[in-house]
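Just below is one structure, and these are the notes that go with it.
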Amino acid sequence: MEPDVSIESGCMLRIAVLPIGTVPQAQLRDYVSMLVRHRKVELSAISSFYTEHQKSPFANQPWDTGSLRFKFMVGGSPPSPWEDFQSNRKILAVIGICHCPSSPDLDVVADQFSIVCKNYTSAVVQRCFAFSPGDAQLEDGGKRGDNLILFPPADRQTLEFHLLTMMQDIAASLLMEFEKWVLRAESAGTIVKTPLDSQASLSSEEVIKAKKRRLGRAQKTIGDYCLLAGSPVDANAHYSTALELARLTGDYFWYAGALEGSVCALLIDRMGQKDPALEEEVKYRYTSVILHYKKSIQDNAQRVSPLSFELEATLKLARFLCRRELAKEVVDLLMTAADGAKYLIDASDRLILYVEVARLFGTLGYQRKAAFFSRQVAQLYLQQENNLAAISAMQVLAMTTKAYRVQSRATNSRLLSLSNETGSNLADGGKMQLQSVVSLFESQWSTLQMVVLREILQASIRAGDPLAAWSAAARLLRSYYPLITPAGQSGLASALATSAERLPSGTRCADPSLPFIRLHSFPVHPSQMDIVKRNLGREEWWVGSAPSGPFIYTPFSKGEPNDGSKQELIWVVGEPVEVLVELANPCGFDLMVDSIYLSVQSGNFDAFPISVSLPPNSAKIISLSGIPTSVGPITIPGCIVHCFGVITRHLFKDVDNLLLGAAQGLVLSDPFRCCGSAKLKNVSVPNISVVPSLPLLVSHVIGGDGASILYEGEIRDVWISLANAGSVPVEQAHVSLSGKNQDSVISISYETLKSALPLKPGAEVTLPVTLKAWQLGLVDPDNTAGKSISGGAGRVSKDGNSPMLVIHYSGPLEYPGKTSTNGSVLPPGRRLVVPLHICVQQGLSFIKARLLSMEIPAHISENFPQPVYLRNNSAEEGIISESKTERLVKIDPYRGSWGLHLLELELSNPTDVVFEISVSVQLESAKDEDISTFIDHDAADFGYPKTRIDRDYSARVLIPLEHFKLPILDGSVFAKDSHADGSFSNRSSSFTEKNTKAELNTSIKNLVSRIKVRWQSGRNSSGELSIKDAIQAALQTSVMDILLPDPLTFGFRLSENGSQQVAMLDSSKESDIPVSSSVSKGSVLAHEMIPMEVLVRNNTKEIIRMSLSITCRDVAGENCIEGSKSTVLWAGVLSEIQVEVSPLQEIKHSFSLYFLLPGEYTLAAAAVINDANDVLRARARTDSPDEPIFCCGPPFHIRVIGSA
Amino acid sequence: MIVCIAVVGHQNNPLYLQSFTEADDALKLHHIVHCSLDVIDERVNNPKKTGSTLNETYLGLLYPTENYKVYGYLTNTKVKFILVTTHLDVRDADVRNFFRRFHSAYVDAVSNPFHVPGKKITSQTFAERVSTIVKSFGLSSAV
């Protein structure tokens, strides 16, 4: 059997094309391609070469329309035993091809050609074409008369024309040879032999029969020649005769042959016509041909069977009919032919048959059947134990892969082109998805697919094609691992490895093997590298570009990443980025991925390869990184993997489709799921764009980036160092705070940052930040202090509590090196978030605060006051005992402490360190400081002794509140401060209640804020207790008494020391501080006239008229001056002294006392104010206008000792 | 006798394929079923349906191959049933009858709420019912 037969092949002249001498492959291919273009030579074109020597036997030669057809057998072919039966099987001409530069000696060429030609006895025309000869050869060749034809070097067109001419010459020569042959055969007859005949032992009867038959056979052969000569009408005439004769002699085989010839002649005659009648005719006649071949098989039950002719005829008819509309008939014919294959003895015949059947099915569009027969062909090839057959088998199988949907990606241009278009628009994507899904459906014929792949693997191993073997094994392993036993998987793995060994390193294969790779996520920029769009129009350019508000993540923004179209990612040139991918190895062997890196088609990305090893049945998430190198969009369709010695490209899309298929049950198994990896939401690949270099600030906290552990209220400075790690200077920067506990950041040195701008690349700036630890257990730091006590259970160091510094910064407004004309492309800015890690430990806890008032009478003394030592130890427990009062510096004994208010704070120390408490009171202003008579007013730090609280102890700290008193009882101050009690309705009419309340609160706050309770623990922990609220609560009720002075101040002194200006006033007017008086133990004597002075000071701004009275009481509290048992005599006026004190002035009233008995006496002054004004009335908290205002001074002690 | 019965989904994906021979020719039957899809595709794509055959689900003899004959049936949902038999003279009515019964078995199987459309049919009940139908086919035609 012969491949590629058709009905028309009866009229094709076979020409062997043989290379003579050495012809380089490329040249040979080139020459042959020029030659084979002349498959058809018009009769009209060859008439000039044709000379009619005798009368042509081809009487009806169609010189105008006819043509000769050639079939070029490149490399020649062995003579067929059937060439007498079908003359078209003869090699009728030989064309040698010689490449002159490689065969210099033309004689040798001529000799070689003639030797070669001897093998083709049937050839009637021989020509040797010598291409590109040299000058010498041309000269030499010109003289030669043999068949060597030189093609002088010329341009292509000339050469082709030359060749055409030569072909026409050959055609003419052939035609003339045919004429000769036919004339000879007609006159002398001819002997034609077929392998069938040679078998027959000829009996006498058969000899006679054979003679008769010979005539018919000769006619048939002449008909063949007529057909070859392009004269179908003549051929038909001869065939008719032959048919007649063959029918008469029962020569079915030749009858069928002649009939075939006649059909061919019919078709040639009616070339180009395709009418149904012709088709019917052909079909009818060919059915008859097949029938007669069948008959002849019954006749010839010999070794050589004409079965192949029957099958060939079947194929010829099938090819003729091969159209979709006639598919059923063709299928029937082809199936019959295929069934006949098993009776074919020659394996190569069977091979050809299957090839043809497969081809015809393919033409018909029956891809699966074509694939089936192709596989049969491959199996036949594989039965031949040689390399070439294995290669053929491999190639044939590769063709079947399309039908079985296991094709290699290298051969599948559609997939390749698709993968190149990744990132195309959505409509395309959907279409693509659909196609891939369909292919997933078909991929379920795993039984067949695995067989095919396995055969390809087998064939390619045998053919010695390691790349094909690798590809087949990879496909097999990747697609069908669930159906392969672990041992089989390891076998495939080793097949991959051994194939790779035979490949040069760095070989690429289109088909990926393991592992499965899917995109896991694109990590968002670490907070250090956030990129923020700049808003040109605004000073605060970052506003509106990022989610604002207190949350870094809002539940609303979180939903967005799923919306693939919106998601955009910005990468910066020169800054490394990373992408997380998940690898899965569902097979039962250790998978070593030699290197894996991102595959970026846009070419502006440097990917960093890493190597991974995956244990059996495992999945791993790895981070692949790289650096964008130039501006523009980036698409990442997949990864490049170097595994099993070959480099492959794994597309994420493939795995996505696979997973999609797995979800729908179309694919055998989800590789990630069977590795125990969780189901992942479909990750959409964001649009990634690369922007030019931006500045990059990197921060670290000097002294360690760890959390600073602070006790509640502790104040500490931290230094944050900001370095520009980018390559562009920072030109703008702005610091703001976000997160919780923002008010724990007391100060940020904005100026330091501002002054450091522009921050050049590599430059560094240190930013001091003062922190104050917040209270534990408080949601809102403004909460009451009471809560802080109960809430302070253990340490709370949740990260979320720490505030964050948010630094928005940006580079120059224009890209460097670019003259930006339009402001539309503004390089983005960035945001650096520096979390201030603060871990707050419970520190001192505040238990309660209360206000104590203490009244200690002053002493009247004649002695000069002595300086007082500060006795720190006296406040050891913070409790001032009455007995020690006199020794305490804080209390001026001459002044006493009438109406002294003390704030007592109870603190406990639950920690394991020692705290020292120091209280300081800030004064409102320098002016106020002047007023104070307390030595410790200005020097707050050492004014009050430190209180030490040991671990697990609690302590009380007393804070005197005296010095808050205002010097003047002023109407304005008063109006502001005293409205709270609502007593001053007439004056407060202009204020609303709310307002006054607020003002009162303000003044309390003002007062409270001046009291600072600082603590220190160890060497470098210090802080402040935030107990303002507690203090405020404690002070709320008696704030007026603390803040406001009495309208009148009274004082007594012994007037012996009249020259001394010793203040015995409890007002704070006197500015002479260092000589703050203290009381000596001095006392007065009994039975002596003691001159004294009472001093009255008006603290208001108006004149006060009053009646002053002075009383003296003994220890029992009895009035000693009046009454029946008075023990004190006096001189001067002691009661109802009508005095008038001008504003802010003082008056003195002298008097003398004469004590009859020694002992302790108490002097007190009192005054009834006449015509009290509203201010005074308010101060006295009375609202009835006619009620007298009674002012009482503090008691003064006087000790009277006996005269002895 | 029936050697093989197959259900192929509308995307030409095999849903069920059962052979009823002792011989180890599963691969061959797979090939036969797979190849028959060509014919079905062709008939579906080039419908010559007119009038009475408009709703015809029975595709008739798809093609003969070697010793087998392959018959086809196409449901309204484009699910294909393929029957491979060694009977060389099968009455068309028998095959029709067989397919009708097979179709109802198939409908019952895919109506199972636990069956995922598009997935292979793994129901044991279906397999048993099919084998009953296959056996009865042999009987009825023998009679």
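The values are calculated or read from the model by the stated rules, or taken from the named source; none is laboratory data. Small disclaimer: the values here were computed from a predicted structure and weren't measured. Don't worry about glycine lacking a Cβ; one is built from the backbone with ideal geometry, like all the others, and counts go over all protein chains shown.
Numbers at a glance
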read-out: Filter result (exposed (fewer than 14 other Cβ atoms within 10 Å of the Cβ) and under 22 Å from residue A:651 (Cβ atoms)) within region A:491-514; value: A:506, A:508
read-out: Some residue of region A:774-783 being surrounded by 14 or more Cβ atoms within 10 Å (Cβ to Cβ) and at pLDDT 75 or above; value: no
read-out: Residue check for residue A:286: more than 60 Å from the chain's Cα centre (by Cα) and within 14 Å of chain B (Cβ to nearest Cβ); value: no
read-out: Enumeration of residues in region B:80-136 that are under 24 Å from residue B:56 (Cβ atoms), more than 14 Å from chain A (Cβ to nearest Cβ), among the charged types (D, E, K, R) and touching a residue at least 24 places away in the same chain (Cβ under 8 Å); value: B:91, B:92, B:94, B:96, B:101
read-out: Odd one out for residue B:23, checked against (1) at pLDDT below 80; (2) in a helix (DSSP H, G or I); value: (2)
read-out: Subset tally (residues that are among the polar types (S, T, N, Q) and at the interface with chain A (Cβ under 10 Å from one of its Cβ atoms)) for region B:1-49; value: 6
read-out: Listing of helices (runs of 4 or more DSSP H) fully contained in region A:40-157 that carry 1 or more residues being loosely packed, with under 15 Cβ neighbours inside 10 Å and among the aliphatic types (A, V, I, L, M); value: A:106-118, A:135-143
read-out: So residue B:57, is it surrounded by fewer than 20 Cβ atoms within 10 Å (Cβ to Cβ), closer than 21 Å to residue B:14 by Cβ and touching a residue at least 40 places away in the same chain (Cβ under 8 Å); value: yes
read-out: Subset of region A:362-398 (residues that are buried (at least 21 other Cβ atoms within 10 Å of the Cβ), over 19 Å from residue B:66 (Cα atoms) and either in contact (Cβ under 8 Å) with a residue 60 or more places away in the chain or more than 12 Å from every other protein chain (Cβ to nearest Cβ) (or both)); value: A:378, A:381, A:390, A:392, A:393, A:394, A:396, A:397, A:398
read-out: Identity of the residue in region A:312-361, of a type in the set (Gly, Ala, Ser) and more than 24 Å from residue A:383 (Cα to Cα), that ends up nearest to the other protein chains (Cβ to nearest Cβ); value: A:327
read-out: Candidates A:364, A:388, filtered to the one that is modelled with pLDDT under 80 and under 15 Å from residue A:338 (Cβ atoms); value: A:364
read-out: Conditions (1) in contact with a helix residue (DSSP H, G or I) (Cβ under 7 Å, 6 or more places away or on another chain); (2) modelled with pLDDT of 60 or more; number of the one not met by residue A:547; value: (2)
read-out: Close pairs from region A:22-44: first β-branched (Val, Ile, Thr), partner surrounded by fewer than 14 Cβ atoms within 10 Å (Cβ to Cβ), Cβ under 6 Å, at least 6 apart; value: A:22/A:102
read-out: Matching residues, region A:291-311, being at pLDDT 75 or above and either within 14 Å of chain B (Cβ to nearest Cβ) or closer than 18 Å to residue A:89 by Cβ (or both); value: A:293, A:307, A:308, A:309, A:310, A:311
read-out: Sole exception among (1) modelled with pLDDT of 65 or more; (2) under 35 Å from the mean Cα position of the chain (by Cα); (3) closer than 30 Å to residue A:369 by Cα for residue A:533, by number; value: (3)
read-out: Of residues in region B:56-68 being within 11 Å of chain A (Cβ to nearest Cβ) and in a strand (DSSP E or B), the one nearest to residue B:41 (Cα to Cα); value: B:62
read-out: Selection status of residue A:723, at pLDDT 75 or above and either surrounded by fewer than 18 Cβ atoms within 10 Å (Cβ to Cβ) or on the phi > 0 side of the Ramachandran plot (or both); value: yes
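To keep it simple, each residue is scored yes or no on (1) at pLDDT below 80; (2) within 14 Å of residue A:585 (Cα to Cα); (3) among the small types (Gly, Ala, Ser).
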{"residue": "A:598", "(1), (2), (3)": "no, no, no"}
{"residue": "A:603", "(1), (2), (3)": "yes, no, yes"}
{"residue": "A:610", "(1), (2), (3)": "no, no, no"}
{"residue": "A:618", "(1), (2), (3)": "no, yes, yes"}
{"residue": "A:624", "(1), (2), (3)": "no, no, no"}
{"residue": "A:627", "(1), (2), (3)": "no, no, no"}
{"residue": "A:632", "(1), (2), (3)": "yes, no, yes"}
{"residue": "A:652", "(1), (2), (3)": "yes, no, no"}
{"residue": "A:664", "(1), (2), (3)": "yes, no, no"}
